[in-house]
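Participant: After the structure tokens below, expect a handful of questions from me.
The values are calculated or read from the model by the stated rules, or taken from the named source; none is laboratory data. Not measured: the values here are computed from a predicted model. Cβ placement follows ideal geometry from the backbone for every residue including glycine, while neighbour counts extend to all protein chains displayed. Surface areas here come from the heavy atoms of the whole protein model, side chains and all, with no ligands, DNA or RNA. Shrake-Rupley method; radii C 1.70, N 1.55, O 1.52, S 1.80 Å.
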Amino acid sequence: MNKKIDPQLLIFAKSMRHTATDAEQLMWQILRAKRFMNLKFRHQHVITPYIVDFYCHELSLVIELDGSQHGVDDVIEYDAERTKFLEALDLNVVRYWNHEVLGQTDMVLEDLWNVCFELKSKSTSP
């Protein structure tokens, strides 16, 4: 995975950090600075050719937050292809709806905690 990253992708990822949705802003406040399970997360991280919402290298975990546009057929198909690509790189992908992050934050964080705990357990077992 040590390919040269397209500088335009890096610029776009940086601009996306500054135009984050309310759900992304809330999630970033929770995940940043190792606040969640002492894990380091990156926001709008480039995994060529994609930019993922959140990424934890230690757990090979990608977190995607989806707005209502992700319920449209062609976007559902695109997301499935994207997930398949990321999983082929041995990454774990979890998705949450923006309205869940904003309206059921505790439920989302409990689910994410369980995912991270399971991944941590796998990485420490022989």
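Participant: Each residue of region 47-61 in order: what ³J(HN,Hα) in whole Hz does its phi give by Karplus 6.51 cos²θ - 1.76 cosθ + 1.60, θ = phi - 60°, with x for Gly and Pro?
Facilitator: Rounded to whole hertz, the list is 10, 3, x, 10, 10, 9, 4, 9, 9, 10, 4, 3, 9, 6, 10.
Participant: From the phi of every residue in region 106-111, what ³J(HN,Hα) in whole Hz does the Karplus formula 6.51 cos²θ - 1.76 cosθ + 1.60 yield, where θ is phi - 60° and glycine or proline is x?
Facilitator: Result, rounded to whole Hz: 4, 5, 4, 5, 5, 5.
Participant: Read phi for every residue in region 85-96 and hand back ³J(HN,Hα) as whole Hz from Karplus 6.51 cos²θ - 1.76 cosθ + 1.60, θ = phi - 60°, with x for Gly and Pro.
Facilitator: 4, 5, 5, 5, 8, 6, 9, 9, 10, 10, 10, 10
Participant: Another question, if that's okay. Hey, if you drop one equal point scatterer on each alpha-carbon of the chain and run the Debye formula without solvent, what base-10 log of I(q)/I(0) do you get at q = 0.15, 0.17, 0.18, 0.23 Å⁻¹?
Facilitator: -0.73, -0.95, -1.08, -1.67
Participant: A further question on this structure: Check which residues have an amide H placed less than 5 Å from residue 97's amide H, if you skip close sequence neighbours.
Facilitator: Placed amide hydrogens put 66 under 5 Å from residue 97.
Participant: Does anything in region 30-45 have its amide N under 13 Å from the 7 Å Cα→Cβ label point of residue 105, and if so which residues?
Facilitator: The answer is 30-32, whose backbone nitrogens lie closer than 13 Å to the label point.
Participant: In whole percent, how big is the carbon plus sulfur part of the accessible area of the chain, probe 1.4 Å, protein atoms only? Please report the intermediate quantities before stating the final value.
Facilitator: Details: 4310 of 7970 Å².
On the chain, the fraction of accessible area on carbon and sulfur atoms equals 54 percent.
Participant: Roll a 1.4 Å probe over the protein chains and send me the accessible area per residue for the chain in Å². Each step should come with its number before you reach the end.
Facilitator: Values: 7970 Å² over 126 residues.
Per-residue value: 63 Å².
Participant: What order do 108, 115 take when sorted by accessible area (1.4 Å probe), most exposed first? Intermediate results must be reported in sequence, preceding the final value.
Facilitator: On the way: 108 0, 115 35 Å².
The ranking, largest first, comes out as 115, 108.
Participant: If you don't mind, another one. Can you give me the solvent accessible area of residue 16 with a 1.4 Å probe, rounded to the nearest 10 Å²?
Facilitator: Accessible area, nearest 10 Å²: 50 Å².
Participant: Which is the longest stretch in the chain that no exposed loop site breaks, taking sites as trypsin sites (Lys or Arg not before Pro) with a DSSP loop state and at most 16 other Cβ atoms within 10 Å? Can you show the working numbers first?
Facilitator: Values: sites that count: 3, 4, 35, 40.
After excluding every exposed loop site, the longest remaining stretch is 41-126.
Participant: Then there is this: Count the DSSP beta bridges whose two residues both fall in region 15-126, then state the antiparallel fraction as a percent rounded to the nearest 5.
Facilitator: Working: 8 of 14 bridges.
Once the DSSP bridges in region 15-126 are tallied, antiparallel ones form about 55 percent.
Participant: Could you tell me the relative contact order of the chain? Use alpha-carbon pairs under 8 Å, at least six residues apart, and round to a whole percent. The partial results should precede the final answer.
Facilitator: Working: 127 pairs, mean separation 25.6, N = 126.
Relative CO of the chain lands at 20 percent.
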